[in-house]
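What follows is a short report on a single structure.
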């Protein structure tokens, strides 16, 4: 039979109320009493009932995390960081896959509301008014990761996508490329799609290269097949192209696959740079040069920010832009040296 709080109290020779206060971090006991209770818990192997503790402190020690695509490689790395921070702070994580569906997102938010989660991390999607209304109803802290909201004041952790895309295009230019195409996300995506397109265009303009519409193929997503299908279209529109900036690593690796099928050598005939620095980017051939987002760190920072707000250690949270860097591998050739 599992030991109870009464067993702990009896062994430590204190009241059950004292044990409860110690378990819930409340004041009103000596360090000697705390030591006796802690030792009794260890000896008996007592496991406090999370539900019962939640009734006392109005906390469930759980946070909800919403991703548009849980199976995506980017999501898995962000989640690794979130879970690390949550575990360190004594929280469990409930993960929801919204599939970028508004109705599904609302359904999951209502579920998290019923589960009485203590806070929410919302990843990689635009914040609609309906979502913000539910956040207000729930009265729990919300932190955004890999996204931000211009309309709703919510703290975020992300990389500056405009600057990252600018750096990617400029890297290609500095390596002697002036016929550069882009495989991008969606024109309807204000979070990553549009900023990365605008950063790409601005880098061309700053270096005296005029952008033409045939230099870009947009996609609804950022997955491998989107990139694989886009490269033939881009080459048909822009046959003189010598380099491609892909707005995600999966797009870039998809483009590399298409190039292989078309007997186009990367990087000898076509240089490709990606965006994200997923683990797979160094496993493909040739290894992918890319803009590195610190994805695990982003998730960890968001988790730390949220748990600090829940615990009352912080009353407000400052949004953070984490630094990116260019990771040079073997998918871009320097034409200046040829």
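The values are calculated or read from the model by the stated rules, or taken from the named source; none is laboratory data. A quick note: this is a predicted structure, and the numbers were derived from the prediction, not measured. Virtual Cβ from ideal backbone geometry, glycine too; neighbours counted across all protein chains shown.
For the residues 10, 35, 6, the requirement of being at pLDDT 90 or above, outside any loop (DSSP other than H, G, I, E, B) and surrounded by fewer than 17 Cβ atoms within 10 Å (Cβ to Cβ) singles out 10.
Looking across segment 215-229, just one residue is surrounded by fewer than 19 Cβ atoms within 10 Å (Cβ to Cβ) and within 26 Å of residue 205 (Cβ to Cβ), and that is 218. Of all residues in segment 177-200, those that are within 24 Å of residue 336 (Cα to Cα) and part of a loop (DSSP other than H, G, I, E, B) total 3. The single condition from (1) assigned to a helix (DSSP H, G or I); (2) surrounded by 18 or more Cβ atoms within 10 Å (Cβ to Cβ); (3) out of contact with any strand residue (DSSP E or B) (no Cβ under 6 Å at 6 or more places or on another chain) that residue 267 fails is (1). The numbered conditions (1) part of a helix (DSSP H, G or I); (2) surrounded by fewer than 23 Cβ atoms within 10 Å (Cβ to Cβ); (3) touching a strand residue (DSSP E or B) at 6+ places or on another chain (Cβ under 9 Å) are all true for residue 127 except (1).
All of (1) more than 16 Å from the chain's Cα centre (by Cα); (2) not assigned by TED's automatic domain parsing to the domain that holds residue 104 hold for residue 222 with one exception: (1). Scanning segment 98-117 for residues that are crowded, with 18+ Cβ neighbours inside 10 Å and in contact with a helix residue (DSSP H, G or I) (Cβ under 7 Å, 6 or more places away or on another chain) returns 98, 105, 109. For residue 77, the conditions (1) crowded, with 19+ Cβ neighbours inside 10 Å; (2) in contact with a helix residue (DSSP H, G or I) (Cβ under 6 Å, 6 or more places away or on another chain); (3) not in a helix (DSSP H, G or I) are fulfilled apart from (3).
Given (1) without any contact (Cβ under 8 Å) to a residue 40 or more places away in the chain; (2) surrounded by 20 or more Cβ atoms within 10 Å (Cβ to Cβ); (3) part of a loop (DSSP other than H, G, I, E, B), where does residue 203 come up short, assuming only one miss? Unmet for residue 203, out of (1) without any contact (Cβ under 8 Å) to a residue 40 or more places away in the chain; (2) surrounded by 20 or more Cβ atoms within 10 Å (Cβ to Cβ); (3) part of a loop (DSSP other than H, G, I, E, B): (3).
Filtered by the rule that a residue be without any contact (Cβ under 8 Å) to a residue 24 or more places away in the chain and not in a helix (DSSP H, G or I), segment 80-113 gives a lone residue, 101.
The number of residues in segment 311-338 that are assigned to a loop (DSSP other than H, G, I, E, B), without any contact (Cβ under 8 Å) to a residue 60 or more places away in the chain and touching a strand residue (DSSP E or B) at 6+ places or on another chain (Cβ under 6 Å) comes to 2.
For residue 281, the conditions (1) within 17 Å of residue 122 (Cβ to Cβ); (2) part of a helix (DSSP H, G or I) all hold with the exception of (1).
From the list 120, 191, 183, which residue is closer than 22 Å to residue 100 by Cα, outside the structural domain of residue 216 (by TED's automatic domain parsing) and buried (at least 18 other Cβ atoms within 10 Å of the Cβ)? Testing whether each residue is closer than 22 Å to residue 100 by Cα, outside the structural domain of residue 216 (by TED's automatic domain parsing) and buried (at least 18 other Cβ atoms within 10 Å of the Cβ) leaves just 120. Do the conditions hold for residue 256, that is, is it in a helix (DSSP H, G or I), within 23 Å of the chain's Cα centre (by Cα) and crowded, with 18+ Cβ neighbours inside 10 Å? No. Would you check if there is a residue in segment 242-252 being in contact (Cβ under 8 Å) with a residue 40 or more places away in the chain, surrounded by fewer than 24 Cβ atoms within 10 Å (Cβ to Cβ) and outside any strand (DSSP E or B)? Yes, because at least one residue in segment 242-252 is in contact (Cβ under 8 Å) with a residue 40 or more places away in the chain, surrounded by fewer than 24 Cβ atoms within 10 Å (Cβ to Cβ) and outside any strand (DSSP E or B).
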